[in-house]
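All remarks here apply to the structure that follows.
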Amino acid sequence: MNNLINCRLMLFRTVLFSLLAFQLTGCAERIKESKSTDIVIENSEIRLVLGSDGTAQSLVYKPTGEECLMLNTETPAFAIAQDRPYDNEIQLAYPAKSKTFAADSIYRDGDNLVVGFELTDYEATIEINITDDYIGFTLKKLEYHMADFGIKRRTRIDEFTLLQLPVKNRAHFGEWLNVSWDENIAVNLLGSDPFVKIDAEERQGYKIFQAGGIDDVKVEGVGAVLIVTEKSKLLNRIDQVERDFGLPLGVESRRSREYKNSYYELRNVTPQNIDEHIAFAKLGGFKQMVVFWIDFASSMGHFPWKPEYPNGMADLKEITRKIEAAGMIAGFHIHYSKAQKNDPYVSPVPDSRLNLRQVFTLADKLEPNDTIISIEENPAGCTLEEGRRFLKIGEELVTYENFTTTWPYQFTGCQRGALNTSATGLNAGGLIGLLDVDTWPKFVRFNQKTNIQKEVAERLASIIKEAGFKFIYYDGAEDVPPPYWYNVSNAQLIVHEALETKPIFSEGALKSHFSWHIITRGNAFDIFSPEFIKEATRKHPIAEAKLISNDFTSINFGWIGYEEPGEKTIGIQPDMLEYVTSRAAGWNSVISMIGDLKSLRNHPRTPDNLEVIRRWEKARETGFLLPEQVESLKSETQEHILLINESGNFELVPYDQILNVANGSKEIRAFIFSRSDKTWVVYWHTSGEAELELPINGKNVSLFERLGEEIRVSGTNEKTVVPVGNRRYLQFDLSSQEVIDLFSRAKIL
């Protein structure tokens, strides 16, 4: 009996080693069938050469003959990956960790590439689509060829690399769009559907551009396109891709006339106060206004009407109708990937499609009054943040105070029936979940694998259609479960596809590769306090604009909070708005301002503040700025002012703050500049009215309310008194340093 068992073991081992040897040869029989010559795929602009061994050999831009790949890297153009080797013979030889199998053979069969891989018995058929604008690649099928001997089964593929190219670095790299470019050539590997994962891995002097499919999302059927063209033609090529593959029209959006307009973000708007909001928006030259869902709905998810909107949609339509009648277009600021805790999706019966971050098994039977919940798994890593400690047990929500991370594992200090749900019992072995409560703990995130996102998207689409909103801000885009590269854009796409009329443009709080077609302008930054707005603009919007400009996209330089002066703040001031709007213009971007009616009414400098914005909006609309001026506005340190000169035309000049006005007073802000061989100062009072005494003869200074309209000043041979309130201008026949000294010795009367 033992001899028989030993003989069978020896035979089994012989078969195993034979199979392993067969695998390690790289599927020799299949390789023999492959052609030995390189494969050339080309259109009028691109010549891509793939080696018969499956490596990327060359990518030439044909009009100039320039090579776009880093040569001799032996980069496989295609690959498959498994989280661990699944094939029985391979897992005997390799450890339990992620394993990549590179392409080792390739041949062309008409419009298909047939690719084999080292060690495995998989074969990929990749359809190629050659057009004048791009070359497309789609994974048509992935087949598993059984060996002729032994017992085999098809193994799963966790990731498939559809195309991989070692692209040389150029002056610019757009990580969002996945494009490397300079002023001559752009190389772009672009996803042609929302399911393909696009990435680029950094190397010395080049990046490995990658397109592929993930098993948890989709593998067969994923597609990407390769574009190599003049930089000036890239958007034309992408526009054609969007139209050919039925993608959202991101290029068309970026080219729309409305794309360059800043907007007024409404706060606490009602049918009763919309007229006042519109009046302020017009003073700022805004051509777009945004309604936040929070203003009319009492919860996110089902969007029930607030009491301030007794007529429901009729009231909202009254607001958008007035916006349109004022010559502006109306936009909609939404959350869409989560529900508010007070919404019917959460309370009193939590929806089964709310996302769970973790699932646990009950160790003991749970009774409705139990305040300790025993579980089988270690809850280490569960949140202890206030407002986020929720468990979902069927149709009950439970809060907990803490948990143990040693056996017995327990959630402790539990409050049953949270958020008006009903306490329930559950037998041991039942499953409970950690509710995915947002980091802004007013909300609970959706399970993106269910149809709840589509359900909410259709509800939003109905509101957008009836109210007539024409652009969208996708807030909370980060509030989705992983994989983020897919769920971030897919949640947005679900909303976008539900819309009968597509928005002119959209912004969003987070983006992934496919979002480029949907989120056509970079996100607005949250509100910065007036005291830090310039520093924060340098640190955040300017830094982002430098990156996003590489993706042929602009950004929103921020929701500028409109604060009036008070005990705790100087309030928003004209120079602050001048800085933010001018830097935005330097990066071909816009701004948005929060329309707080109370502060707009009470701030004494509101006319000056809104005039600053109006001028910059008009300057960008009319194309006033020359290329060299636009470039100068990218400076983080040198500030500029946009004047209306004596002829009524715009005039851009650099200016600098006089820091020690009236021996360090915070009441007056003054900035110095030079023009027409004179030294000028623009100045104002931050919070009211006063008079300023300057130690200079009145004959040596001229005062202007507006340039070209001189105002008489009073004083003596040694002193001149000027009013301080709204923005005014002083002209001197003195050097800059002499004028700075004058202001430091000035007195506030």
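Quick one: would you say GLY725 is at pLDDT 95 or above, in contact with a Gly (Cβ under 9 Å, 6 or more places away or on another chain) and outside the structural domain of PRO604 (by TED's automatic domain parsing)? Break it down into steps so the answer makes sense when it comes.
Details: at pLDDT 95 or above: yes; in contact with a Gly (Cβ under 9 Å, 6 or more places away or on another chain): yes; outside the structural domain of PRO604 (by TED's automatic domain parsing): yes.
The answer is yes for GLY725.
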Looking at (1) polar (S, T, N, Q); (2) closer than 20 Å to LYS168 by Cα; (3) in contact (Cβ under 8 Å) with a residue 40 or more places away in the chain, find the lone condition where SER253 falls short.
-> (2)
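Applying the selection to the stretch 522-533, what residues are surrounded by 24 or more Cβ atoms within 10 Å (Cβ to Cβ) and out of contact with any helix residue (DSSP H, G or I) (no Cβ under 7 Å at 6 or more places or on another chain)?
Scanning the stretch 522-533 gives a single hit, ALA524.
For the stretch 595-605, indicate whether the set of residues that are outside any helix (DSSP H, G or I), of a type in the set (D, E, K, R) and touching a residue at least 40 places away in the same chain (Cβ under 8 Å) is non-empty.
Narrowing the stretch 595-605 to residues outside any helix (DSSP H, G or I): 595-596, 603-605.
Still in the running and of a type in the set (D, E, K, R): 596, 605.
So of that shortlist, the ones also touching a residue at least 40 places away in the same chain (Cβ under 8 Å) come out as 596, 605.
Checked against the condition, which is being outside any helix (DSSP H, G or I), of a type in the set (D, E, K, R) and touching a residue at least 40 places away in the same chain (Cβ under 8 Å), the stretch 595-605 yields at least one hit.
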Check off (1) assigned by TED's automatic domain parsing to the domain that holds ARG267; (2) over 30 Å from LYS470 (Cβ atoms) for PRO368 and give me the number that stays unchecked.
-> (1)
Return the residue satisfying two criteria in turn: it lies in the stretch 45-78 and is more than 21 Å from PHE101 (Cα to Cα) and small (Gly, Ala, Ser), and of such residues it is surrounded by the most Cβ atoms within 10 Å (Cβ to Cβ).
-> SER58
Does GLY429 qualify as being touching a residue at least 40 places away in the same chain (Cβ under 8 Å), surrounded by fewer than 20 Cβ atoms within 10 Å (Cβ to Cβ) and in a loop (DSSP other than H, G, I, E, B)?
-> yes
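Working carefully through the options VAL167, VAL114, find the one that is surrounded by 21 or more Cβ atoms within 10 Å (Cβ to Cβ) and either in a strand (DSSP E or B) or of a type in the set (Lys, Arg) (or both). Let's see the steps before the verdict.
On the way: VAL114 fails: surrounded by 21 or more Cβ atoms within 10 Å (Cβ to Cβ).
Going through VAL167, VAL114 in turn, just one is surrounded by 21 or more Cβ atoms within 10 Å (Cβ to Cβ) and either in a strand (DSSP E or B) or of a type in the set (Lys, Arg) (or both): VAL167.
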Checked against (1) surrounded by fewer than 20 Cβ atoms within 10 Å (Cβ to Cβ); (2) within 25 Å of GLU478 (Cβ to Cβ); (3) touching a strand residue (DSSP E or B) at 6+ places or on another chain (Cβ under 8 Å); (4) not basic (Lys, Arg), LEU249 satisfies every condition except (3)
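Each row is one residue, and each column tells you yes or no for (1) closer than 30 Å to ILE748 by Cβ; (2) loosely packed, with under 15 Cβ neighbours inside 10 Å.
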site: VAL612; (1), (2): yes, no
site: LYS634; (1), (2): no, no
site: THR637; (1), (2): yes, yes
site: VAL681; (1), (2): yes, no
site: GLU689; (1), (2): yes, yes
site: VAL701; (1), (2): yes, no
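Could you please let me know if ILE334 is in contact (Cβ under 8 Å) with a residue 40 or more places away in the chain, touching a Pro at 6+ places or on another chain (Cβ under 8 Å) and within 21 Å of ILE504 (Cα to Cα)? Talk me through it step by step, then tell me what you get.
Numbers: in contact (Cβ under 8 Å) with a residue 40 or more places away in the chain: yes; touching a Pro at 6+ places or on another chain (Cβ under 8 Å): no; within 21 Å of ILE504 (Cα to Cα): yes.
No.
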When the stretch 487-505 is checked residue by residue, the ones that are among the hydroxyl-bearing types (Ser, Thr, Tyr) and surrounded by fewer than 23 Cβ atoms within 10 Å (Cβ to Cβ) are THR501
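For (1) within 18 Å of SER253 (Cβ to Cβ); (2) touching a Lys or Arg at 6+ places or on another chain (Cβ under 9 Å), each residue gets a yes or a no:
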position	(1), (2)
GLU478	no, no
THR501	yes, yes
HIS513	yes, yes
ILE519	yes, yes
ALA524	yes, no
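Do you know which residues across the stretch 689-727 are hydrophobic (A, V, I, L, M, F, W, C), assigned to a strand (DSSP E or B) and more than 15 Å from ASP741 (Cβ to Cβ)? Outline the logic, then answer.
From the stretch 689-727, those hydrophobic (A, V, I, L, M, F, W, C) are 690, 692, 694, 696, 701, 703-704, 707, 711, 713, 721-722, 724; that's our starting set.
Of the ones still in play, those that are also assigned to a strand (DSSP E or B) are 690, 692, 694, 701, 703-704, 711, 721-722, 724.
If the condition is that a residue be hydrophobic (A, V, I, L, M, F, W, C), assigned to a strand (DSSP E or B) and more than 15 Å from ASP741 (Cβ to Cβ), then ALA690, LEU703, PHE704, ILE711, VAL721, VAL722, VAL724 are the ones that fit.
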Kindly list the number of the only condition in (1) assigned to a loop (DSSP other than H, G, I, E, B); (2) touching a Lys or Arg at 6+ places or on another chain (Cβ under 8 Å) that fails for ASP132.
-> (2)
Has the stretch 170-179 got at least one residue that is in contact with a Gly (Cβ under 6 Å, 6 or more places away or on another chain) and crowded, with 17+ Cβ neighbours inside 10 Å?
-> no
Report whether or not GLY698 is farther than 21 Å from PRO574 by Cβ and not hydroxyl-bearing (Ser, Thr, Tyr).
-> yes
Would you pick out the residues in the stretch 85-125 that are of a type in the set (Lys, Arg) and under 20 Å from LYS197 (Cα atoms)?
-> LYS99
Selection over the stretch 529-539 where residues are free of Cβ contacts under 8 Å to residues at least 60 places away in the same chain and under 19 Å from the mean Cα position of the chain (by Cα) yields a count of 3
Among the residues of the stretch 181-190 satisfying the criterion of being in contact (Cβ under 8 Å) with a residue 40 or more places away in the chain and not charged (D, E, K, R), which is surrounded by the most Cβ atoms within 10 Å (Cβ to Cβ)?
-> LEU190
For the stretch 593-616, indicate whether the set of residues that are closer than 26 Å to ILE278 by Cβ and within 23 Å of the chain's Cα centre (by Cα) is non-empty.
-> yes
Please tell me if LYS287 is farther than 30 Å from ASN112 by Cβ, charged (D, E, K, R), touching a Gly at 6+ places or on another chain (Cβ under 8 Å) and at pLDDT 95 or above.
-> yes
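I need a count of the residues in the stretch 351-370 that are assigned to a loop (DSSP other than H, G, I, E, B) and closer than 17 Å to GLU395 by Cα. Before the answer, list the steps.
Step one: of the stretch 351-370, the residues assigned to a loop (DSSP other than H, G, I, E, B) are 351-353, 355, 363-365, 367-370.
Narrowing the set further to residues that are closer than 17 Å to GLU395 by Cα leaves 351-353, 355, 365, 367-370.
Going through the stretch 351-370 one residue at a time, the tally reaches 9.
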Considering only the stretch 296-349, how many residues are among the hydrophobic types (A, V, I, L, M, F, W, C) and either assigned to a loop (DSSP other than H, G, I, E, B) or more than 24 Å from ARG257 (Cα to Cα) (or both)?
-> 13
Looking only at the stretch 626-637, and only at residues there that are under 28 Å from the mean Cα position of the chain (by Cα) and part of a loop (DSSP other than H, G, I, E, B), the one that is nearest to PHE671 (Cα to Cα) = THR637
Can you tell me which residue within the stretch 555-564, out of those that are without any contact (Cβ under 8 Å) to a residue 40 or more places away in the chain and within 14 Å of the chain's Cα centre (by Cα), is farthest from LEU234 (Cα to Cα)?
-> GLY558
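The values are calculated or read from the model by the stated rules, or taken from the named source; none is laboratory data. Keep in mind the model is a prediction, meaning the values are calculated, not measured. Note that each Cβ is placed from the backbone with ideal geometry, even for glycine, and that neighbours are counted across all protein chains shown.
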